[in-house]
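What follows is one structure encoded as structure tokens, with my remarks underneath.
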Amino acid sequence: MKRNLRAVLSRAGHEAAKPRTMAHPYTLWMAAFVVVPIILIAAFAFTSPDGGFTLRNYASMGKFLSVFLRSFWLAFLSTVICLILGYPIAYIFARFSGRWQKVMMMLIMLPMWMNFLLRTYAWKAILETRSGLLNRFLDLLGVAPLHIMDTPAAVVIGMVYNFLPFMILPIYSVIVKLDRSVIEAAQDLGAAPRGVFRRVVLPLSLPGVLSGITMVFVPAVSTFVISKILGGSTNILLGDLIEMQFLGSAYNPHLGSAIALVMMVVVMIFMYVMNRFGDGEEQAVMM
Amino acid sequence: MTGKVRLQGKLYTALILLFLYAPIFVMITFSFNASKSHTVWAGVTLDWYRELFSDKLILKAFYTTIAVSVISAAFATLVGTCAAVGLSNMRRRWRTPLLFVNNIPLINADIITGIAMCLLFVFLGGFLKFKRGFGTLLVAHITFNIPYVILSVMPKLRQLDDNLVDAAMDLGCTWQRAFRKVMLPEIMPGIVNGALIAFTMSIDDFVISYFTAGSKTQTLSMAVYAMTRKRISPEINALSTILFVSVLILLLIINIREIRQEEKQKKLLKIGGKI
């Protein structure tokens, strides 16, 4: 009887305490290495090197306005191009037969598994003005050489190249799950192919589009590698600016944190607006 | 959604794939180029491969990358799996904020995660007298790997029937034993998947490593970045070719395994149908 009781008690103890305590190491780890560092960014952003509170970091941000505008403009442009190129591909892939879909997905993911620095660097060989492969090909056709390297256009090409799979994959995964009978119903009710696409497929694939847009926009607006390799010295972006304050010539983590904080806030507002917009659309579809 | 793909669709697919693979083919081709130029062809050579394997800097960076990826993936898998089990047993009031924190490294741009941890390490290093190096690099990798493990284990836990664990305990198992014998085998696919994702994320990472590794430790990505900034050597192309081929082989193995498993399942289903 006594032994039985002990077994029951220990079982109760196990059930109540054991499983939950398993998350404790994780909780501590995330607090120390995720939450505290984010608080540090905020703390550094509002202090000066001697430790006092200051807003000077933001006062000096005006001279970086052009960098802010360039970053958001190029990231916006890349996102739009990724959407225009990626949506049809996702749609076409979803129509392939099962085995081909797998092959196509593998072909899209394979480059992503390779070091993105190496892939970006390879564009240099293609785009270079004097001896680049593209211009030598154009020369054969008798077309005047294009000056792309070290311009914003090269940065956009690099971004689209690197982030296009991030647009294709989420859209594909939504379209591939669309219920075929919904489309057939639209056809039976007399919708033309264009109408089926515009009024059924497109609205239903919107969640994929929205997550694709964030997955492209966030890394594009914060990159510093692509602009450094393909953009030359005149096309610096926000990422370059932040990197310079931490590891580069202009060491000033306080200013760097302030810039990072502003970027983070703008991106968060952007994502919030996107999600609101998405919710609205979904409701419209439901009705 | 499957249906006919017209010729235009196939052509368009080919064009996009050309866009995605053009730089990779350029790299592979010029890794065999006899001249140092990465645009003018001058005959076939294997010199760059030879030089690559005698380049101490690159080899050291390669070992660092493998070490940090393996250790961080293993540790993150352990912590993440335990956390997922713990979280799924928690009351919602506690679980929701913890899962929100879990999403922070996933949503934030890499550069934000990188500089945030850079600040922490510099700040702590001032007090505790340490410098950024392999240790801080490892901590950073574990930190951004844990969320991926949790995200791939949680769904498996949700699918798990709670009654199974209860039944095991009613039959006399302690909780630990029930966990080991019943729960763990059920969620194993999620754990393996999480470990694989964590490993590839580690291998692929550049930005976070760049801010947390300090000046003495270098991962392969960092070595490549340093190369693109300073001297430009076709060794880079040789390295990419090797990486590309190994990833290709790895993916083929995974896919073939998947197809085999599917066939096995089909067979089992057939047998099950007969019974």
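The values are calculated or read from the model by the stated rules, or taken from the named source; none is laboratory data. This one's a predicted model, so the numbers in the text were calculated from it and none came from an experiment. We place every Cβ from the backbone using ideal geometry, glycine too, and count neighbours over all the protein chains shown.
B:Q176 passes every criterion in (1) within 21 Å of A:L247 (Cβ to Cβ); (2) of a type outside the set (S, T, Y); (3) more than 28 Å from the chain's Cα centre (by Cα) apart from (1).
Only helices (runs of 4 or more DSSP H) whose full extent lies in the range A:65-159 are considered here, and the ones with at least 1 residues that are closer than 30 Å to B:A198 by Cβ and free of Cβ contacts under 8 Å to residues at least 40 places away in the same chain are A:98-112, A:116-127. In the range B:224-232, is there at least one residue being under 22 Å from A:I226 (Cβ atoms), surrounded by 15 or more Cβ atoms within 10 Å (Cβ to Cβ) and away from chain A (no Cβ under 11 Å)? No; the residues of the range B:224-232 include none that is under 22 Å from A:I226 (Cβ atoms), surrounded by 15 or more Cβ atoms within 10 Å (Cβ to Cβ) and away from chain A (no Cβ under 11 Å).
Taking B:N108, is it surrounded by 13 or more Cβ atoms within 10 Å (Cβ to Cβ), polar (S, T, N, Q), facing chain A (nearest Cβ under 9 Å) and closer than 20 Å to A:I41 by Cβ? It is true that B:N108 is surrounded by 13 or more Cβ atoms within 10 Å (Cβ to Cβ), polar (S, T, N, Q), facing chain A (nearest Cβ under 9 Å) and closer than 20 Å to A:I41 by Cβ. Looking only at residues in the range A:67-119 that are more than 8 Å from every other protein chain (Cβ to nearest Cβ) and small (G, A, S), the one that is nearest to B:H38 (Cα to Cα) is A:S78.
As a summary of the residue check, A:F44 satisfies the conditions (1) facing another protein chain (nearest Cβ under 7 Å); (2) at pLDDT below 95; (3) farther than 25 Å from B:N103 by Cα except for the one numbered (3). Flag: A:L202 matches the condition of being part of a helix (DSSP H, G or I) and farther than 27 Å from B:R132 by Cβ.
Here is a yes/no grid of residues against (1) under 24 Å from B:I191 (Cα atoms); (2) facing chain A (nearest Cβ under 9 Å); (3) surrounded by fewer than 16 Cβ atoms within 10 Å (Cβ to Cβ):
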{"site": "B:P23", "(1), (2), (3)": "no, yes, no"}
{"site": "B:V44", "(1), (2), (3)": "no, no, yes"}
{"site": "B:N89", "(1), (2), (3)": "yes, yes, no"}
{"site": "B:R92", "(1), (2), (3)": "yes, no, yes"}
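Per this entry, B:L220 is counted among residues that are at the interface with chain A (Cβ under 10 Å from one of its Cβ atoms), touching a residue at least 40 places away in the same chain (Cβ under 8 Å) and either more than 14 Å from A:A122 (Cα to Cα) or surrounded by 14 or more Cβ atoms within 10 Å (Cβ to Cβ) (or both).
Applying the criterion of being surrounded by fewer than 14 Cβ atoms within 10 Å (Cβ to Cβ) and over 19 Å from B:L106 (Cβ atoms) to the residues of the range A:249-281, the residue that is modelled with the lowest pLDDT is A:G280.
The set of residues in the range B:14-53 that are hydroxyl-bearing (S, T, Y) and without any contact (Cβ under 8 Å) to a residue 40 or more places away in the chain comprises B:Y21, B:T29, B:S35, B:S37, B:T39, B:T45.
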